[in-house]
Amino acid sequence: MTDSNNCLSALCTVRFKVISCARPLRAPLMGKVGICLFVFGFLIGEVRGQSEDGLVALHSGLAQCEGQDCKDISDSLASDLERLLLQPEAWEGLSARTQFMASVESADGRLKVLTWNWPHEDRTSSYAGLIAFRDAEDADVEFTRLYDPSSADRPDEQRVLKPEDWNGALYYAIVPDAVDKDVWLMLGWDDADAQVNRKVIEPIRIAAKGPRFGVPMLQSPRGMRRRHVLEYADAVQASLRYQAEAKGRDGHEQRLVFDHLAPSEPHLTGISAYYGPDMTFNAYVPQKKGAPWVLQENVAAIQTLSKDRPFVDPRSRNAPRNRR
């Protein structure tokens with residue numbers, strides 16, 4: 001019996017025990033009602049614990065699976081997450097329950113995005129995920145599943161993508177647009193392949209026909225981009241972080257700040273497997289009155305950027321490797 005079936009069986013047991021408890025209610029009524037509620041709360045907690053254990057087990061299984069089994073595990077993980085998010089109390093407390101995976105949610109509580117991956121022998125990865133959107137507290141939850149079979153190809157910075165065309169990534173931060181309440185910028189990590197890693201700024205819009213990736217809102221000297229991709233050598237690390245507005249002498253506006261990448265030698269220009277941070281930083285800063293986020297070059301980072309390792313790479317390595 002699977003973990004999901006165990007959870008369903010336990011839930012049936014809860015319902016049976018609560019009904020059985022309710023049948024003999026007579027005076028003193030409040031005492032027995034109190035006992036029933038206590039039992040019900042205890043059993044629901046037990047079911048919830050089983051559900052969360054099942055999610056952890058499924059996610060852990062992605063590090064050891066092979067072939068179609070990985071996709072099956074991923075689909076089961078998505079299904080269990082959907083069932084969890086349909087529980088009234090789970091929506092507000094999701095972050096505490098999904099700390100074992102890449103999980104982000106918008107500050108207004110409307111959007112949640114959960115992503116995961118599994119490795120292949122060629123050092124690429126498959127990615128999958130779940131978008132959950134609830135426009136209001138009393139609205140239905142809308143689910144959108146994500147799947148990218150391979151991380152081999154570099155994302156196109158100019159394409160708008162439907163969920164079925166999604167470029168896989170593990171998202172570790174989500175930032176609201178300064179003007180449009182239905183647009184967010186997600187920061188993600190992509191394992192890519194044996195030669196390079198990637199960081200990505202991925203704008204997402206929740207539209208009437210569902211989520212759309214790639215909103216034209218990142219302005220640079222090269223023109224308007226729908227997403228920004230940092231691709232760099234597998235052996236190094238590069239940072240991409242959101243910094244909130246800071247006051248004072250060294251203050252700054254809110255921004256997305258990241259390492260500027262350069263080749264290790266001039267003749268290697270254009271070959272991203274030889275690119276890495278050059279100790280300078282760039283940033284995207286939102287403009288007022290609906291203007292896009294504009295690239296500012298050679299900014300002061302103000303604070304040391306972390307190494308962006310919020311997740312553990314599931315594959316064993318014989319040498320140090322950049323992490324998410």
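Each reported figure results from applying straightforward, stated rules to the coordinates on display, with no laboratory input. Everything numeric in this text was worked out from a predicted model, so none of it was measured. Cβ: placed from backbone, ideal geometry, glycine included. Neighbour counts: every protein chain shown.
Points worth noting:
- Average 1/r across all pairs of distinct alpha carbons in the stretch 62-299, invert it, and you get the Kirkwood radius: 18.8 Å.
- Treating r as the C-beta distance of SER79 and GLU137 and R0 as 22 Å, the FRET efficiency rounds to 0.35.
- Backbone N atoms of the stretch 227-271 closer than 15 Å to the 7 Å Cα→Cβ label point of VAL294 belong to residues 253-256.
- Rounded FRET efficiency, nearest 0.05, which uses the C-beta distance separating MET224 from LYS247 and R0 of 35 Å: 0.70
- Of LYS199/LYS247; LYS199/LYS288; LYS162/LYS209; LYS247/LYS288, pairs whose Cα-Cα distance is over 20 Å: LYS199/LYS247; LYS199/LYS288
- Label-point gap, in nm, between GLN87 and ALA152 - each point 7 angstrom along Cα→Cβ: 4.1 nm
- The three principal axes of the Cα atoms in the stretch 137-177 give end-to-end lengths of 41, 23, 20 Å, sorted in falling order.
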